[in-house]
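Here's the structure we're looking at; comments come further down.
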Amino acid sequence: MTKMTCTLGPASAEQEIVQNLADAGMSVARLNFSHVKRGNYEFPIKEIGLVNGSQGMHSRILMRDHNMLAVLLDTKGPEIRTGAVPKMATIKLNDGDKVLLTTDPKKKEKVTAAEIYVDYKEIDSTVVPGGEVLLDDGLIGLEVVSTSHTGEFATVDCIVTSGGSLGSTKGVNLPNVTLKLPSMTEKDKEDIMWAIEKNNIDIVAASFVRKGSDVRSVKAYLERCISRVNRSDQLAPIVISKIENKEGVDNFDDILKESDGIMIARGDLGVEIPFADLFLLQKSMIRSCNLAGKPVIVATQMLDSMQRNPRPSRAEVTDVGNAVLDGADCVMLSGESANGKYPTLAAETMMQIVAQADSALDKKSGFSTLKARRMEMNERLSEEGDTHTLDSIAAAAVTMAVQIEADLIIAISRKGETVRRLAKYRPHIPIMAFVQTPDLGKRLVLHRGVYPIVMDAAAQVASEHDRVVESLRTAKEIGWVQSGHRVIVVDAELWNLSSTENLTKANCIKVFTM
């Protein structure tokens with residue numbers, strides 16, 4: 001029911017490994033474009049080919065191509081990084097050492113223990129004396145002494161408060177300040193334009209989102225890209241906003257409203273905010289996403305030790321399980337599947353934990369949670385005219401599924417809205433999303449419990465009755481239902497068609513016994 005995203009990289013650069021990840025339960029393949037050099041798309045082209053060349057879980061049963069693995073483009077985003085240490089070496093920073101941060105481009109490839117290049121031109125006007133600068137995921141801490149601007153570049157004098165070894169192009173975090181950065185870099189725009197031209201990306205994860213307007217900018221740019229390639233039938237990728245700084249936390253409600261989903265990126269976020277606040281923020285953001293009916297991914301260091309070891313730590317097992325119990329739609333592997341020694345084993349381990357946690361979300365707890373959420377959602381009804389109707393139909397269908405102990409919900413969906421509304425109410429049984437195109441199906445896979453099936457071409461043009469019959473036949477063929485099982489078929493989008501016949505509207509929810 002809960003999904004898994006796997007990051008692809010050197011450890012998963014072979015067809016056999018990607019297929020193993022899919023067999024283990026991978027629903028989304030993440031490509032980290034932070035590691036893609038500007039204009040060089042050899043890596044993503046190869047990895048996307050491996051994903052598209054994998055067999056989906058129902059291909060053999062349906063005797064046709066059925067690959068619903070979604071591809072996620074994770075943008076580099078407007079992050080701040082240090083320059084390069086000569087000869088790929090490391091430098092040693094000791095407690096109490098004085099160090100100068102500079103934006104002088106002449107120092108970009110000449111980082112030393114005394115002078116470190118950073119690529120944030122406004123750093124002198126952003127930090128203040130006494131403020132904190134963190135390097136390499138917070139492993140090295142600096143305290144700001146003074147700032148200045150000389151000629152065309154800025155400098156910041158610092159003292160090392162927490163020393164360590166620093167390599168090349170490491171991340172820089174400036175906690176508790178507002179950054180003067182764009183929502184997308186030029187590289188991000190080039191990467192997204194490439195993806196739209198190739199039409200090979202289903203999800204865009206926007207990095208370092210700080211406010212709702214950042215999300216609107218990304219979506220507007222996606223639409224402009226689609227307009228340029230002149231494909232009227234091309235679906236825009238859904239946009240997942242990554243929450244990884246304090247400003248994003250402060251503006252979370254606005255960001256959630258504009259986004260198609262959220263990724264809780266705990267790596268940078270755990271550096272930007274007090275680490276003791278992280279677990280409560282994670283729980284709060286998951287709940288907000290659940291109430292909004294938008295998928296939420298919990299990411300970073302979930303099974304980190306499995307990059308090196310064949311077994312996870314007990315704390316990691318608890319972390320994954322608790323994320324599922326809290327309501328995460330998806331959990332993510334990063335370095336474990338991209339660079340680790342045991343990519344397949346890490347994926348299998350992740351899904352073993354997920355399965356155990358999912359089984360704990362039994363029918364009774366699901367029903368009580370549903371009732372509580374319905375009461376709260378009645379106070380949060382959207383101003384859109386159709387929202388109340390679709391929510392009511394979805395809530396009624398899920399409530400009915402609990403009460404009659406149904407075995408499957410089938411959602412016949414043209415645009416995906418029926419599926420999203422049903423997933424919002426967190427049913428305890430799977431939702432088979434009967435959709436017309438693979439592109440639509442792949443944009444729905446992040447939702448917990450949703451399993452898209454692309455209907456045959458004949459079923460797409462058939463009558464409403466024929467589509468229902470075909471969906472039931474397919475569900476039985478796959479093995480999701482057997483004789484005697486109860487199935488609820490929902491087609492809430494019928495309500496919004498031009499027909500005003502009450503009979504059509506009454507057919508939005510049907511119950512079948514196989």
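Things worth noting here:
- A195 being of a type outside the set (S, T, N, Q) and closer than 17 Å to G77 by Cβ: yes
- The condition (being within 20 Å of A29 (Cβ to Cβ), at pLDDT 85 or above and among the hydroxyl-bearing types (S, T, Y)) is satisfied by just one residue among T344, T318, T399: T344.
- Number of positions in segment 397-422 that are farther than 23 Å from C289 by Cα, in contact with a helix residue (DSSP H, G or I) (Cβ under 9 Å, 6 or more places away or on another chain) and part of a helix (DSSP H, G or I): 1
- Among (1) open to solvent by less than 20 Å² (accessible area, probe 1.4 Å); (2) of a type in the set (S, T, N, Q); (3) within 30 Å of K198 (Cα to Cα) - the single one T155 does not satisfy: (3)
So that you can scan it fast, the table gives a plain yes or no per residue for (1) open to solvent by 20 Å² or more (accessible area, probe 1.4 Å); (2) touching a Gly at 6+ places or on another chain (Cβ under 7 Å):
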| position | (1), (2) |
| --- | --- |
| I240 | no, yes |
| K246 | yes, no |
| G293 | no, no |
| T300 | yes, yes |
| S305 | no, no |
| P310 | yes, no |
| T318 | yes, no |
| M332 | no, no |
| G340 | no, no |
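- Evaluating D250 against the criteria (1) surrounded by fewer than 16 Cβ atoms within 10 Å (Cβ to Cβ); (2) among the acidic types (D, E); (3) within 17 Å of the chain's Cα centre (by Cα) leaves one unmet condition, (3).
- Counting only helices (runs of 4 or more DSSP H) wholly contained in segment 1-88, the ones carrying 1 or more residues that are of a type outside the set (D, E, K, R), under 21 Å from G340 (Cα atoms) and at pLDDT 90 or above occupy 15-24, 42-52.
- Number of residues in segment 158-184 that are open to solvent by 60 Å² or more (accessible area, probe 1.4 Å), within 18 Å of P129 (Cα to Cα) and either aromatic (F, W, Y) or modelled with pLDDT of 90 or more (or both): the value is 2.
- Condition check for W194 on (1) modelled with pLDDT of 95 or more; (2) among the hydrophobic types (A, V, I, L, M, F, W, C); (3) open to solvent by less than 10 Å² (accessible area, probe 1.4 Å): one failure, at (3).
- Considering residues of segment 478-513 that are within 31 Å of the chain's Cα centre (by Cα) and part of a helix (DSSP H, G or I) only, the residue modelled with the lowest pLDDT: N496
- The requirement of being part of a loop (DSSP other than H, G, I, E, B), polar (S, T, N, Q) and under 16 Å from the mean Cα position of the chain (by Cα) is fulfilled nowhere in segment 215-235; no residue meets it.
- Sole exception among (1) crowded, with 16+ Cβ neighbours inside 10 Å; (2) within 20 Å of L256 (Cα to Cα); (3) modelled with pLDDT of 95 or more; (4) of a type outside the set (S, T, N, Q) for L280, by number: (1)
- Where G96 falls short, out of the listed (1) modelled with pLDDT under 95; (2) out of contact with any strand residue (DSSP E or B) (no Cβ under 6 Å at 6 or more places or on another chain); (3) surrounded by fewer than 18 Cβ atoms within 10 Å (Cβ to Cβ): (1)
The values are calculated or read from the model by the stated rules, or taken from the named source; none is laboratory data. It should be emphasised that the depicted structure is a prediction, and the values quoted were computed from it without experimental measurement. Neighbour counts run over all protein chains shown; Cβ positions are idealised from the backbone, glycine included. Ligands, DNA and RNA are stripped out before the accessible areas are found, and what is left, the full protein with its side chains, is counted by its heavy atoms. Shrake-Rupley method; radii C 1.70, N 1.55, O 1.52, S 1.80 Å.
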